[in-house]
1. Let me spell it out: the conditions are (1) in a helix (DSSP H, G or I); (2) exposed (fewer than 15 other Cβ atoms within 10 Å of the Cβ), and residue 389 meets all of them except one. Which number is the exception?
2. Look through segment 287-306, keep the residues that are among the β-branched types (Val, Ile, Thr) and in a strand (DSSP E or B), and return whichever of them is surrounded by the most Cβ atoms within 10 Å (Cβ to Cβ).
3. Can you say whether residue 368 is under 26 Å from the mean Cα position of the chain (by Cα) and part of a strand (DSSP E or B), as far as the supplied structure shows?
4. Search segment 453-470 for residues that are assigned to a loop (DSSP other than H, G, I, E, B) and pair each with any residue that is hydroxyl-bearing (Ser, Thr, Tyr) when their beta-carbon atoms are under 8 Å apart and the residues are at least 6 apart or on different chains.
5. Count, please, the residues in segment 167-222 that happen to be part of a strand (DSSP E or B) and loosely packed, with under 15 Cβ neighbours inside 10 Å.
6. Within segment 281-291, identify whether any single residue is farther than 28 Å from residue 468 by Cα, aromatic (Phe, Trp, Tyr) and out of contact with any helix residue (DSSP H, G or I) (no Cβ under 9 Å at 6 or more places or on another chain), and answer yes or no.
7. Exactly one of (1) surrounded by fewer than 18 Cβ atoms within 10 Å (Cβ to Cβ); (2) of a type outside the set (D, E, K, R); (3) over 18 Å from residue 466 (Cα atoms); (4) modelled with pLDDT of 85 or more is unmet by residue 340. Its number?
8. Is one or more of the residues making up segment 600-620 surrounded by fewer than 19 Cβ atoms within 10 Å (Cβ to Cβ) and small (Gly, Ala, Ser)?
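The values are calculated or read from the model by the stated rules, or taken from the named source; none is laboratory data. If you're wondering where the values come from, they're calculated on a predicted model, not measured in any experiment. Heads up, the Cβs are rebuilt from the backbone with ideal geometry, glycines too, and the neighbour counts pull from every protein chain shown.
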Amino acid sequence: MPKAPRKNSEASRGGRSGDERAALLRRVAELEEREAHARQIVQTVAVSIWEEDFSQVQELVRALRRQGVSDVRAWCAAHPDFVHEAVAKVRVVSVNAATLRMFRASSQEELLGSLDRLLLPESMDAFIEQLVALDEGRSLVEAESIVQALDGHRFEVLFTFAWDAVVGRADRVMVTLMDISERKAAERALQESEARFRNMADHAPVMMWVTNPQGVCTYLNRQWYDFTGQTELTGLGFGWLKAVHPEDAAAAQAIFLDANARHAPFRLDYRLRRVDGEYRWAIDAASPRFGPGGEFLGYVGSVIDITERRQREELLRFLVETGTTLTSSLDDVTTLTALARLAVPTLADWCMVDLVEEDGSVRRVEVVVGDPADASLAREARRFPTRLEGNSALPPAVALREGRPVLMPEVDVERLFRRAHDDEHARLMVACRPISLMAIPLIARGRTLGVLTFFTTARSGRRYGMAELAALEDLARRAALSADNARLYRDAQHAVMLRDEFLSVASHELKTPLTPLVLKLQVLTREIQAQCEPPLAQRLLGHLEMCRHQVKKLTELVEGLLNVTHISEGRLHIEREEVDLVSLVRQVAVRLHSQAQRAGSPLVLEMDEPVVGRWQRLRLEQVVSNLLINAIKYGAGHPVFIRVHASGARARMVVQDEGIGIDPQALSRIFHKFERGVSDRHYGGLGLGLYVTQQILQAMGGTVTAESTPGKGATFTVELPLLENAGES
């Protein structure tokens, strides 16, 4: 009885054990089915996959631990035989179809077993990484390496080792391989291309740089570092901006970032600090880089020192501007002062102008400075003009005395100090702080007129060279010519003033005896007519007529001189009245009728309607007389035509002769004082008639012009403004 329950209990346990076994078998079958499915997938995927038996290698690694080895990588590096032993213990137990193709095998049996035929000495680093991962307990590791196919073909692969990929087998490793030969070849080509670019850039004659898409500078070539003194640590990123002049940095950064946001090319100028501390003008130009897919990669750009080019351009602009300045005034001091103000700050920080006076002394006429803070020093400098005696070695003195330019690219202040006039002058020169200097004489017609002194300070940092010297020598020659012309003009003006004073006195003194002489001739005429017998009277009256004719000519010459004097002194006043030009011309023609008849030049008048304007009768009569007398004189033997008519709002009078004409070269100057269109040996006069005529007409708002063909006569055309309302008073 007691055993019955035990029997039932055993039966119960047997039933449960059978159920568990059945469930376990179903689970195993399920797992086997999944494994088979997984293996089928592995066989069909395009990725190379194999399975390794790593059990013996695991024993080797555990043995190292027991020996107290803590750094497997170092151990392997020191014991290469251990690595080869470990490789030999690895067994490939399964490979997929992709692996067969990759290693050019015809069946799995060719690849199963040892790895010796697949791995190369270069593959050992990847295997060591596998051992290290096993020791450290990492379940996954990747490594790049080189393997070979069964036919010896070598190629690069990416290994992935996974220890937990084979269910239930901790001693198995699932290995995947990806052929990365093309990628590595592309990377090497890119590296070689980049190396070539860097080598080319480092040997290029310009500074070069590269940025990434965010605008961060990733490369600067050797020329940049040599020029600026920066290093990779200080120049990359946005550190390059620290070499840009503080006044230009913000604008340069803004232009660059704006272009970077738009992926657009750009170009800008800024001042760049050289390793010696001098700021040099540079031009920075860059183009965007784009990848094969059109993606923006950043910029590649170049920086070129354009200081010399910019200075040449500034010099050219300066010379163009000075060309205008040198012709804008006929005063030498004004011209040279304007020149000095143009030179600062374009070419110099200081410019001093010294002129030689008539007595040989030197006067400093201008001192121009670029820095307003130096204004007080400039005032002091005016007190120390160049001296030809006592400090003959001072550059301006050398230029004046020897008539040659002096160039000091680098000023030795101590040496200059010793050449000063005195201690006060020496202190002034030191305070001015010159670093480069030129003194250029002003020479014209073999005579030294003065000297221009240019110098720079640390404010601009500019150093003078032969290019600046040559340009400023040319400028000094032109400035000297302009100053000499100004002096000649001043001397000529003085001579003209003396001449006009003489003419004024002479004309008045000559006119004084003419009036009583005319009266005496008139008295003599009456007495001869009253008291002399006809034959004698006729003979004496002939002599008196000749005297009256000569007195008349002398009177006309004196009147011409008086008119010139009045015009020169600004005393030609016009008192307007209503005048009929037609009537006035008829009156003058009647008065000159006898003279025209004697010359064989009849006056032909072509006039109809009155032509009325508000002019001064006496002066207008003088104009008509001058033109008709000239036409009779130079057109002798041919008729003289006079036409008067209204043309719009102006009156027009044309006087035309058919005489000798006027040379074309003389037409432009016949209205000047003392100018003549013909030789004075054949025709008398002072050459004042046409000048006086033009001045009178201009005073009344009119004009006179001349046209002529030599041998065919001359035509003079007078135009005057008409009176709008003939009844106006």
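1. Going through (1) in a helix (DSSP H, G or I); (2) exposed (fewer than 15 other Cβ atoms within 10 Å of the Cβ) one by one, residue 389 breaks only (1).
2. 303
3. In short, yes.
4. 461/279; 462/436; 462/456; 463/436; 463/456; 464/436; 464/456
5. 1
6. yes
7. (1)
8. yes
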